[in-house]
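Everything on this sheet refers to the single structure shown next.
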Amino acid sequence: VPAPPKVTLQPELQVAASEGGKATLRCLFHGNPPPKITWRHGKQEIDGSAGRYRLMSDGALEIVSLYRNDTGVYICVADNGLGVATQEIHLVVNDPVKTPARIAGDENAVVTGELGSPLSVQCLTYGYPRPYVLWYRGHDISKGVYNDDVYEARSNVFIIRNLAMDTLGQYTCQAYNGEGKAALWVVTVRAFRPEGLYTENELLVPRETLPPRPKTQVSTTAESAETHIF
């Protein structure tokens, strides 16, 4: 039965975390169809795929490498076309506590881009003191990724200036802040397979295509009109 968004469970309305650490803000809505979740900090809408933010599959918002000015009210917005519901979550960022470097990222992470176009990859690091980040090819730390004609390295973000076959493969983000061991995160860079090229290279993937639309045949008589989907 179609239904507007409604709170499933009452979330934690105030979340506390330390400067340099990580906070996860949750809002739990259900509806039919399932609502799309977005977040705002004050009046500013948050891009859950950029900066220090990550929008999780369940609608939770993860914020890493916290600063004091991250303190404030975050508004979760659930919209499924039949209605809109909101929930306010208060985030408090406390004094920093020394913690080893950590990385918020999925295992077996994959990023796919267009051959011949730039591609950026972000490593969501946190900890205190704030971690130093090093990128390298595969698992070989001697193959560092630095600023040159191929790459642009910006701390926890690196950019492949022109995605090419020889830039595809695995990259490692290493984060270290002098506390404990270094944290590692591995991401595989792939590209969309050019049209008309057939290859078994696993780093070239076909584009997702919509299923073909059904053919529509219209038959009419003097008394009625029917549409048949084949």
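The values are calculated or read from the model by the stated rules, or taken from the named source; none is laboratory data. Source: prediction; values computed, not measured. A quick note on method: Cβ atoms are made from the backbone with ideal geometry, for glycine too, and the neighbour counts reach across all protein chains shown.
Please specify each residue of the stretch 8-23 satisfying the condition of being surrounded by fewer than 17 Cβ atoms within 10 Å (Cβ to Cβ) and closer than 17 Å to Leu66 by Cα. Result: Gln14, Ala16.
Just to be sure, is Thr71 among the β-branched types (Val, Ile, Thr) and under 23 Å from the mean Cα position of the chain (by Cα)? So Thr71 passes the test. If you go through the stretch 62-85 and keep only what is under 15 Å from Thr125 (Cβ atoms) and assigned to a loop (DSSP other than H, G, I, E, B), you end up with Val64, Ser65, Leu66, Tyr67.
Taken together, the criteria exclude Ile103 from residues that are farther than 26 Å from Pro194 by Cα and assigned by TED's automatic domain parsing to the domain that holds Leu55. Restricting attention to the stretch 149-174 and to residues that are under 19 Å from the mean Cα position of the chain (by Cα) and not polar (S, T, N, Q), the residue that is modelled with the lowest pLDDT turns out to be Arg154.
Tell me which residues, restricted to the stretch 107-139, are among the basic types (Lys, Arg) and in contact with a Lys or Arg (Cβ under 8 Å, 6 or more places away or on another chain). Matches in the stretch 107-139: Arg137 only.
You will find that of Asn162, Asn177, the residue that is surrounded by fewer than 20 Cβ atoms within 10 Å (Cβ to Cβ) and outside the structural domain of Gly48 (by TED's automatic domain parsing) is Asn162 and no other. Here Asn94 clears all of (1) modelled with pLDDT of 95 or more; (2) under 22 Å from the mean Cα position of the chain (by Cα) except the condition numbered (2).
The strands (runs of 3 or more DSSP E) found entirely in the stretch 86-154 that carry 1 or more residues being surrounded by fewer than 18 Cβ atoms within 10 Å (Cβ to Cβ) are 99-104, 109-113, 119-122, 132-137, 151-154. From the residues in the stretch 74-85 that are of a type in the set (Gly, Ala, Ser) and surrounded by 13 or more Cβ atoms within 10 Å (Cβ to Cβ), which one is nearest to the chain's Cα centre (by Cα)? Filtering the stretch 74-85 for residues that are of a type in the set (Gly, Ala, Ser) and surrounded by 13 or more Cβ atoms within 10 Å (Cβ to Cβ), the one nearest to the chain's Cα centre (by Cα) comes out as Ala78.
When restricted to residues that are more than 13 Å from Ala104 (Cα to Cα) and either polar (S, T, N, Q) or assigned by TED's automatic domain parsing to the domain that holds Thr125 (or both), the stretch 22-78 contains 6.
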